[in-house]
Amino acid sequence: MVVLLSRNMPDPAVLHVLTGPTAVGKTELALRWAEENDAEIVSCDSLLFYRGMDIGTAKPTREELGRVPHHLIDVVEPGEAMNIARFVDLAQAAVANILSRRRAVLVTGGSGFYLKAFFGPVTDSVVVPEGLRQELAERERGEGLVGLVAELLTLNPEGLGNLDTANPRRVLRALERCRASGRTLVELRAAFVAMPGPFAAFRVCGVQLTRESADLQERISRRIALMLEVGLVAEVEKLATQGLPENPSAARSIGYRETLAALDGDLSFGELREEIARNTWALVRKQRTWFRIQLPELSQMSAVTTNADQLFVKE
């Protein structure tokens, strides 16, 4: 029996979360817990949203999907954009659907920004008119960031905080929001922090799954070898005809960006496995940092450590 959380009757006020870095073993553990606790799974993996992105994402197999009902998998085409606001809408609908059948909810995945929606606010009510967005984008293309930063400073006499003024996207978003709302960045931040999160009505309890680095690196290596063996290159070739390169979020994801580079001749196929492994390990380091800094709530919950195939629950 997998003991992560209490095995009581499903509590409609509780959301269960299982997270951790890529390749750590979330899929099988989530399936076992869901089977034992009459639960359904809400995926919180930003790449499992896309239809056809199966091998490179280590998407649960047809057999695994048949063991437990899953939600938010294969909901958009590879060339279709996905964002946090749409995710929240879909996740709220999925949670309501599961609870309506008196089943428990298990959220699982390692996409930190999407996962954060279950712990606090991730979007606010500021609406940026399309005309304003286009105006500022044209200014950025014509005059660069200097003029936009100068306007931001004028609108924000208290300063710009930790805004990266060398990042065009962040500068544009900040100026858009100041202009659209008539508020300073400090005021916008204060209003955002005071907002309830989209799942504020629930108590969230869960665990972060971890492994020793050597063990995790070995699992990553085996996973990549299997992906290439069962047809990652052919999968990416097909997705390239379905709009994958036009969707930056999907095309830049690990496994896909390296394979696209190999198909374009910018990377040799002999280097493909090593390049994916290196970038996957860099992602693991980023995920660990994100969980520690952005989701300190997880460090206050029970933590699960795996050593080979053994599970240990630490209170």
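Values in this text are rule-based calculations from the coordinates and carry no lab data. Quantities reported herein were computed from a predicted structural model and do not represent experimental measurements. Glycine also receives a Cβ, built like all others from the backbone with ideal geometry; neighbour counts cover every protein chain displayed.
The long axis of helix 84-100 is offset from the longest Cα principal axis of the chain by roughly 40 degrees.
Note that the range 156-240 shows a convex hull volume over its alpha carbon atoms of 256 Å³ per residue. Footprinting exposure proxy ranking of PHE113, PHE202, PHE49, fewest other C-beta atoms within 10 angstrom first, gives PHE113, PHE202, PHE49. Sorted ascending by nearby beta carbons within 10 Å, beginning with the fewest, ILE276, ILE84 become ILE84, ILE276.
I need the Debye-formula profile for the range 63-134: one equal scatterer per C-alpha, no solvent, reported as log10 I(q)/I(0) at q = 0.20 1/Å, two decimals. With one equal scatterer per Cα and no solvent, log10 I(q)/I(0) is -1.05. The lysine pair count for the chain, using Cα distances under 24 Å and pairs eight or more places apart or on different chains, is 10.
Spherically averaged projected area of the convex hull of Cα atoms, the range 130-194: 4.3 nm². For the chain, the longest principal axis of the Cα atoms and the long axis of helix 168-181 meet at an angle of about 70 degrees.
Using Stokes-Einstein with the Kirkwood hydrodynamic radius over Cα pairs, what translational diffusion coefficient do you get for the chain at 10 °C and a viscosity of 1.306 mPa s, in µm²/s rounded to a whole number?
74 µm²/s
Distance between the pseudo-spin-label points of SER181 and PHE269 (7 Å out from Cα toward the beta carbon): 5.1 nm. Using alpha carbons only, how many degrees (0 to 90, rounded to 10) separate the axis of helix 185-194 from the longest principal axis of the chain? Orientation of helix 185-194: about 30 degrees from the principal axis. Each eigenvalue of the Cα gyration tensor of the range 41-91, multiplied by 5 and square-rooted, gives one semi-axis; in descending order these are 18, 14, 8 Å.
Between GLU80 and SER249, the simple spin-label model (points 7 angstrom out along Cα→Cβ) gives 1.2 nm.
For LEU65, neighbours were defined as the other residues whose beta-carbon sits under 15 Å from its Cβ, and their charges (Lys and Arg +1, Asp and Glu -1) total -2. The alpha carbons of the range 109-223 stretch over 51, 38, 27 Å along the principal axes, in descending order.
Report the local net charge at ARG292: Lys and Arg +1, Asp and Glu -1, summed over other residues whose C-beta lies under 14 Å from its C-beta.
+3
All other residues whose Cβ lies under 12 angstrom from that of PRO78 are scored, Lys and Arg at +1 and Asp and Glu at -1, for a net of -4. The equivalent ellipsoid of the range 212-280 has semi-axes of 22, 12, 11 Å, largest first, where each one is the square root of 5 times an eigenvalue of the Cα gyration tensor.
DSSP assigns beta bridges within the chain; of those with both partners inside it, close to 20 percent run antiparallel.
Here ILE73, ILE98 are placed in order of increasing Cβ neighbour count within 10 Å, fewest first, which gives ILE73, ILE98.
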